[in-house]
């Protein structure tokens, strides 16, 4: 019996057995096309369709939205989503494509939206039928999130939105956006309000989505421009001026590594032929055994072996630290474990990818499109992508400040 199973309640044990049996009988198999390394990079409509079909199947089987009430499309369970995530990871299923919706949109809507809007939005969010994106970052509002300039002006029972959002992941596929914007210029924090706005249906009618091409050649990021978009007041979350409070709900979940940075599922190797998974130090060890350097295996280099072992140790330490979320006093204290986890896992992934490039040597310069690239070029692609995840959800430098000030009680930085 695993550590996870040992702490299951009877309800959770039954749920785990059902999830495991369903996954064994319904694994979607190898994808018919190349998938990017994570949901944040999906840009191919065919990849979206395949991944959305998988998410809908998992949702209908009760593995997505498990802990939300049945009235809003959830499973009505208690603390079973983590179990579903564990079993999907163990079964090496694809990642869940609606990662922004699941990790940030759903909890924000659930805690702050009107009841009828929860019932409208959440079921299709859980199923992946409607993709969600996040409208926080702006050209002048990144780490200083409260410096929002996108403005919503009230017009009777409607709001008129004008402004510019950037680094908006999955906006090119999104039906809905969670949007933080300014409703008053008189107060930096209390002048913010929070909305859910239509994206897909409003393109050309107040919304423009422009893809941003990354150095990997992928286009998961976008900029979104609002030019007189009109939405009803029912799309507002919480009170006017309460946007900062609502945004803290979003960020508390965005910074949870189990929800966003490490996809809810995603144990599937990124390249089925080579078995490469850039989140797994075992793939790093396999690379070292197969890679030749100066006429011998890279694994024969004692210094490299020591570095690989350190990656195994850090990976296991991260896993054990995540187990502490079962202790309410640790889990609920100033979001300390989610804040730690986001920083630790993103830097671990970056360091693993960087070590893989050193193991590969000159081979690391080959693109994933080159048949001669070691491990199908996945490590080089992963290394470039890791810079996005150390920035997402608040840069890791900001994370350290928050941990120091809110968890350790250190003086604020100037």
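The values are calculated or read from the model by the stated rules, or taken from the named source; none is laboratory data. Just so we're clear, the structure is a prediction, and the values are computed from it rather than from any experiment. Virtual Cβ from ideal backbone geometry, glycine too; neighbours counted across all protein chains shown.
Going residue by residue through the stretch 210-218, is there one that turns out to be surrounded by 21 or more Cβ atoms within 10 Å (Cβ to Cβ) and in contact with a strand residue (DSSP E or B) (Cβ under 6 Å, 6 or more places away or on another chain)?
Among the residues of the stretch 210-218, not one is surrounded by 21 or more Cβ atoms within 10 Å (Cβ to Cβ) and in contact with a strand residue (DSSP E or B) (Cβ under 6 Å, 6 or more places away or on another chain), which makes the answer no.
Looking at the stretch 371-383 only, could you name the residues that are surrounded by fewer than 17 Cβ atoms within 10 Å (Cβ to Cβ) and closer than 28 Å to residue 303 by Cβ?
Filtering the stretch 371-383 for residues surrounded by fewer than 17 Cβ atoms within 10 Å (Cβ to Cβ) gives 371-372.
The answer is 372, and nothing else.
In the stretch 95-115, which residue that is part of a loop (DSSP other than H, G, I, E, B), at pLDDT 95 or above and within 14 Å of the chain's Cα centre (by Cα) is nearest to residue 239 (Cα to Cα)? So that I can check it myself, show each step before the final result.
Filtering the stretch 95-115 for residues part of a loop (DSSP other than H, G, I, E, B) gives 95-98, 113-114.
Filter again for at pLDDT 95 or above, leaving 96-98, 113-114.
Cutting the leftovers down to within 14 Å of the chain's Cα centre (by Cα) gives us 96-98.
On the way: 96: 32, 97: 31, 98: 27 Å.
Ranking the qualifying residues of the stretch 95-115, first place goes to 98.
Is there a residue in the stretch 170-183 that is in contact with a strand residue (DSSP E or B) (Cβ under 9 Å, 6 or more places away or on another chain) and either free of Cβ contacts under 8 Å to residues at least 24 places away in the same chain or farther than 30 Å from residue 387 by Cβ (or both)? Steps first, answer last, please.
Initially, the stretch 170-183 is screened for residues in contact with a strand residue (DSSP E or B) (Cβ under 9 Å, 6 or more places away or on another chain), giving 170-183.
Still in the running and either free of Cβ contacts under 8 Å to residues at least 24 places away in the same chain or farther than 30 Å from residue 387 by Cβ (or both): 183.
Yes - at least one qualifying residue is present in the stretch 170-183.
Could you list, in sequence order, all residues of the stretch 102-130 that are touching a strand residue (DSSP E or B) at 6+ places or on another chain (Cβ under 8 Å) and either surrounded by 19 or more Cβ atoms within 10 Å (Cβ to Cβ) or on the phi > 0 side of the Ramachandran plot (or both)?
In the first step, residues of the stretch 102-130 are kept if they are touching a strand residue (DSSP E or B) at 6+ places or on another chain (Cβ under 8 Å); the result is 104-105, 108-109, 112-113, 117, 121, 125, 130.
Within the stretch 102-130, 104, 105, 108, 109, 112, 113, 121, 125, 130 meet the criteria.
Of everything in the stretch 146-162, what is in contact with a helix residue (DSSP H, G or I) (Cβ under 7 Å, 6 or more places away or on another chain), surrounded by 13 or more Cβ atoms within 10 Å (Cβ to Cβ) and in a loop (DSSP other than H, G, I, E, B)? Give them in sequence order.
146
Tell me, which helices (runs of 4 or more DSSP H) wholly within the stretch 298-374 include 3 or more residues that are in contact (Cβ under 8 Å) with a residue 40 or more places away in the chain?
Values: elements: 302-323, 328-331, 336-360.
Fully inside the stretch 298-374 and qualifying: 302-323, 336-360.
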